[in-house]
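Below is one structure; the comments refer to it alone.
The values are calculated or read from the model by the stated rules, or taken from the named source; none is laboratory data. Keep in mind the model is a prediction, meaning the values are calculated, not measured. Every residue, glycine as well, gets a Cβ built from its backbone with ideal geometry; the counts of neighbours run over all protein chains shown. Accessible surface is based on the protein model in full, side chains and every heavy atom, while ligands, DNA and RNA are left aside. Shrake-Rupley method; radii C 1.70, N 1.55, O 1.52, S 1.80 Å.
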Number of protein chains: 8
Amino acid sequence: MAGGGTWNVYLAGEIHSDWRRRIADGVEEAGLPVKLLAPVTDHPASDEVGVEILGPEREGFWKDHKGAGVNAVRTQTMLRQADVVVVRFGDRFRQWNAAFDAGFAAALGKPIVTLHDAELTHALKEIDRAALATAETPEQVVEILRYATVKE
Amino acid sequence: MAGGGTWNVYLAGEIHSDWRRRIADGVEEAGLPVKLLAPVTDHPASDEVGVEILGPEREGFWKDHKGAGVNAVRTQTMLRQADVVVVRFGDRFRQWNAAFDAGFAAALGKPIVTLHDAELTHALKEIDRAALATAETPEQVVEILRYATVKE
Amino acid sequence: MAGGGTWNVYLAGEIHSDWRRRIADGVEEAGLPVKLLAPVTDHPASDEVGVEILGPEREGFWKDHKGAGVNAVRTQTMLRQADVVVVRFGDRFRQWNAAFDAGFAAALGKPIVTLHDAELTHALKEIDRAALATAETPEQVVEILRYATVKE
Amino acid sequence: MAGGGTWNVYLAGEIHSDWRRRIADGVEEAGLPVKLLAPVTDHPASDEVGVEILGPEREGFWKDHKGAGVNAVRTQTMLRQADVVVVRFGDRFRQWNAAFDAGFAAALGKPIVTLHDAELTHALKEIDRAALATAETPEQVVEILRYATVKE
Amino acid sequence: MAGGGTWNVYLAGEIHSDWRRRIADGVEEAGLPVKLLAPVTDHPASDEVGVEILGPEREGFWKDHKGAGVNAVRTQTMLRQADVVVVRFGDRFRQWNAAFDAGFAAALGKPIVTLHDAELTHALKEIDRAALATAETPEQVVEILRYATVKE
Amino acid sequence: MAGGGTWNVYLAGEIHSDWRRRIADGVEEAGLPVKLLAPVTDHPASDEVGVEILGPEREGFWKDHKGAGVNAVRTQTMLRQADVVVVRFGDRFRQWNAAFDAGFAAALGKPIVTLHDAELTHALKEIDRAALATAETPEQVVEILRYATVKE
Amino acid sequence: MAGGGTWNVYLAGEIHSDWRRRIADGVEEAGLPVKLLAPVTDHPASDEVGVEILGPEREGFWKDHKGAGVNAVRTQTMLRQADVVVVRFGDRFRQWNAAFDAGFAAALGKPIVTLHDAELTHALKEIDRAALATAETPEQVVEILRYATVKE
Amino acid sequence: MAGGGTWNVYLAGEIHSDWRRRIADGVEEAGLPVKLLAPVTDHPASDEVGVEILGPEREGFWKDHKGAGVNAVRTQTMLRQADVVVVRFGDRFRQWNAAFDAGFAAALGKPIVTLHDAELTHALKEIDRAALATAETPEQVVEILRYATVKE
């Protein structure tokens, strides 16, 4: 009596570690009814996509603007399709887009799970407050998804 | 011409009696196009899930907070996925979470069916008022679902 | 390139003529990707369902209240599931529930098609104004659905 | 500690009796913080407003369509501005617009109070079910507004 | 630069202690730009209001139903008008309506502050989880309101 | 881990060039999980549909009104079903309906991609501003959809 | 009993004729409780505002983009603040932004009044269909506002 | 004809420079109809408010959690009250809460203006893309507000 079909889970944030792969492996091993959504994780491709598809720009600002627009076609759609949003913060880059996605998800009423090391706790307090759970490992996220989707 | 695909019906509230099983049996026997959703009904697992997955807490308040968060990943998602919400009040515990779920469902505009003994009528008057039907037995709930989904 | 999967079309209103059957026949003959939803059209069953399932009432008002609640579990769910709402007004009874359904659908932003004889035009002007089309025959409704769903 | 500023109360429905005046008198006598909103109650003006302002029509249907549009500029705005919606059904005309307004208000989540004679109970059961109270006299409506706005 | 006009703060829940008065006193002493809203706190009046205004009922269920409807005209309007919702749980009665109001407020995205003794922590864990703060005294609530509205 | 099922992409605007076919071809060749939705692109059929199905009109205004209503049953439904909306502006006709669809999509929060020649840039600046990307060729739109739906 | 306070009426569209002034004069003469909102109607200022405030751009596209963004801060806010939206189409320029505003308003459920010459009827049929009234003169708009706000 | 009453403008983000004061001065000098809202900008008070009002915590995570909750009572209310949201990113701290606020505002459909130095352009590209304007000085923000609220 547990489940309600397949859940869409959007994995937002850091693209420089293997956390998405570890969640995907865990979901697959556990056979969870979960479809994982994600932004493009190929960093150069993500940075270049605007000018790559739509033509070159002389100004860095507008090159970024174009690229961010194309990426947002994907990320905003996935955020709206998601039942649950997991947001990962790593130790590199500022990752303001991860925080932006968390705010976007919060205003839409989506359940949020944050994933980060303990040392980021103070800096992330507002976002952790908006989340329903804060994990430190991808495996904990898998356990939360297992509990949420199939636990009797 | 009756139906519109499978309906998601969320069964909120009491976890210490067999009412969900009786509804599930009735739905199955009647062959209704209904998928039943439910919170985790294993009480100890539900109480411990926060610290079990995310690590121990010294304070009872925060242990409960963690556990309630993980449970809410499941219950809020299911409440949003539901076409109809059934809320059961039993005679044990205060079951404030059942009442909370009813309020949450009401504000989302979900049709609500309450299920409780006649002796709780006065205490539950605000919630029964927000419901479209108040039943005393799981079998009545099955009849309502049959009427709603397949009656010509 | 026409379609977007199966459309849910809710057929609200009059239950004493064969208009739903004629639309169903037309949809089937044309092979349209349309699933038709409808309230219970067995008038006595609809009037009695509250007391039939939930127990007798001494007051007519509360008997009606109970029955209307059980029917609303079905109709409100179907109105929310619908992509398009067809509302039929016939020449018998006051059919205030048909008008209520039209208002409910309008506030949800659902496209509305009204179906009634020309003689009801003045009385139905507010509702026809809220509709995107006003038909006089079920066959016209089928043509509108054909145009909306599969016309290239 | 009772009130939250002035409440907008929209008085929908019948325009051929003095019920709005009686509510207005009651509200004024009681000094309630209530602003009453209403459709145009001058029946001929309401019927003619479309062609009066926007030019004549040869077809009755389009004359009504024009008039209903202009009236809807007023009524839809007021329904959205309203905190509470009172819907009156009288014994003349079909008053489908009153039922439409009730459905519109219900889908917007506005509290509804219906006002009609007991003999209309069966015909209005779906709408009374969607209301939070059903009154038979304007004075009862005033009492409900008094209780809602200023009772300690 | 702190404030944004007067805030509406709805005080839901327990009606048998002086907690609303203590918050009102604190707000007044501090001169906060806060308007306090509340349900009717006269328990007998609240229980009798349905039959008092709308006529007697033979069945307790319907008497309660009528009363709860009239009270909901007030409480649902105030919940929607509120910027912040404070929910108080005391040690008497089951107070399911307080929990219902909390769920209703949560689904509307209203910031919630809960107020209760530490001994109720476990029973209220789901509701405290949905709140942004959990206080034990009315004075703490006043401090939160002071911080939220006028602190530079 | 890229996708979230099939995406509905609504192709609004110009009906006098082969841009929809070129996008459809590109989507098919790339095997993208995209279902393309579109208005009726048979211009005469679109102009005549109102009077064709619902009967003749003497006034051009009302003939257009009828036709626009029937078309809106289709277009409004598809706009709501869409995950992404592509809006094409060509060099013939005023195409106000394309701009209307863009505004409708924007208010619903749908990601928008505009498609037009560079010479229309100044005239379309408000709409391009509301879009997440502006393309000049159908092939660029296909690339955006590929990136959004299947790029790892 | 007519009014509900001051109405915000947003005047979208054409900026090269005196239609706004004529509506403003009419509203003032009639003493209507209407506050008129409008985009910046100084065409050069509107075109230059982006680079004027935020710095020059080499590309026309981005100059327009900047300008359209600053204008949208104003127009989107006013569209959301509006109770009623009037959209004027003149005979110069393509005025796609007027059509965009109409679509935006329609999706938000705002009552729309269109204002244009009869010769634009066919080209504007989709937008007129989404409007509740179509006027040819500013004076007709004033009459509609008078009827909507103060007519008894 | 420019304005629509006073606008609420929420100033989110950095609390360690005088940017809010400069905007406030500019707004005052220009006499704009703008009310500025802001989070608590006293950093220690903001960090301590949870434990200060609600009692001490042993764990840093929960101390932060408490504090973030109390701050969110203020910030979420102000974000919902705002007509426009300005988000400032400075060169100190990670300011994930500023990015979170931007995402929250974006999902609510609020017009956003970002304010930061050019060197942060690449890191903030997703958030600048969601904004309607990106400024580098507080004076530019004042000019945008002047244009949006009072420019004829």
Q: Would you work out the charge dipole size for the range F:1-79 about its Cα centre, treating the Cβ of every Lys and Arg as +1 and the Cβ of every Asp and Glu as -1, and quote it to the nearest 20 debye?
A: 260
Q) Taking the Cα centre of the range H:5-143 as the origin and placing charges on Cβ (Lys, Arg +1; Asp, Glu -1), which of H:Ile15, H:His65, H:Phe89 is farthest toward the positive end of the dipole? A) H:His65
**Q.** Threshold 50 Å² - residues in the range C:94-108 whose accessible area is reduced by that much or more when the chain is no longer isolated, probe 1.4 Å
**A.** C:Arg94, C:Trp96, C:Phe100, C:Ala107
(Q) Give me the dipole magnitude in Debye, nearest 20, for the range E:26-65 about the Cα centre, with unit charges on the beta carbon: positive for Lys and Arg, negative for Asp and Glu. (A) 140
Q) Could you give the angle, 0 to 90 degrees to the nearest 10, between helix C:60-81's Cα long axis and the longest principal axis of the Cα atoms of chain C? A) 20
Q: Could you work out the Kirkwood radius for the range C:61-152, taking every pair of different alpha carbons, averaging 1/r and inverting it, reported in Å?
A: 14.2
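Which value in Å is the Kirkwood Rh of the range D:1-69 over different Cα pairs? Walk me through the numbers before you get to the answer.
On the way: mean 1/r = 0.0694 Å⁻¹.
That comes to 14.4 Å for the range D:1-69.
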(Q) Distance between the C-alpha centers of the range B:92-152 and the range B:27-45? Whole Å please. (A) 16
**Q.** Per residue accessible area in Å² of the range E:1-150, where ligands, DNA and RNA are left out and the probe is 1.4 Å
**A.** 33
Q: Work out the FRET efficiency for D:Asp25 and C:Asp91 from their Cβ-Cβ distance, taking R0 = 35 Å, and round it to the nearest 0.05.
A: 0.35
(Q) Just to be sure I understand: with springs between alpha-carbon atoms less than 10 Å apart, which residue in E:Leu132, E:Leu32, E:Leu54 has the highest mean-square fluctuation in the Gaussian network model of chain E? (A) E:Leu54
Q: Report the Stokes-Einstein translational diffusion coefficient (µm² s⁻¹, integer) for the range A:1-136, Rh taken as the Kirkwood radius over Cα pairs, at 25 °C with viscosity 0.890 mPa s.
A: 154
Q. Dipole size in debye (nearest 20) for the range B:1-150 around its Cα centre, Lys and Arg Cβ +1, Asp and Glu Cβ -1?
A. 460
Q: Could you name every residue in the range E:25-45 that has 30 Å² or more less accessible surface in the full protein assembly than in its own chain alone (probe 1.4 Å, ligands and nucleic acids excluded)?
A: E:Lys35, E:Leu36, E:Val40
Q | When the convex hull of its Cα atoms is projected in every direction, mean area for the protein assembly as shown (nm²) | A | 41.0
Q. In chain C, what residue has the beta-carbon at the shortest distance from the axis of the rotation relating C to A, and what is that distance in angstrom, rounded to the whole number?
A. C:Gly5, 8
Q: Could you list the trypsin sites (Lys or Arg not before Pro) in the range C:1-87 that lie in coil according to DSSP, counting only those with at most 16 other Cβ atoms within 10 Å of their Cβ?
A: C:Arg58
Q) Nearest 10 degrees, 0 to 90: what angle lies between the long axis of helix H:138-149 and the longest principal axis of chain H (Cα atoms)? A) 60
Q. Between F and G, buried accessible area summed over both sides at probe 1.4 Å, in Å² to the nearest 100?
A. 3200
Q | Interface residues in the range C:125-139 - accessible area drops by 10 Å² or more relative to the isolated chain, probe 1.4 Å | A | C:Lys125, C:Glu126, C:Ile127, C:Asp128, C:Arg129, C:Ala130, C:Ala131, C:Leu132, C:Ala133, C:Thr134
Q) Is it possible to state the helix-based mean residue ellipticity at 222 nm for the protein assembly as shown, with each DSSP H run of 4+ residues giving -39500 (n - 2.57), the sum divided by total residues, to the nearest 500 deg cm²/dmol? What is it? A) -15500 deg cm²/dmol
Q: For the protein assembly as shown, give the percent of accessible area contributed by carbon and sulfur heavy atoms, probe 1.4 Å, rounded to a whole number.
A: 46
Q | Kirkwood Rh in Å, taken over all unlike Cα pairs in the range G:59-108 | A | 12.1
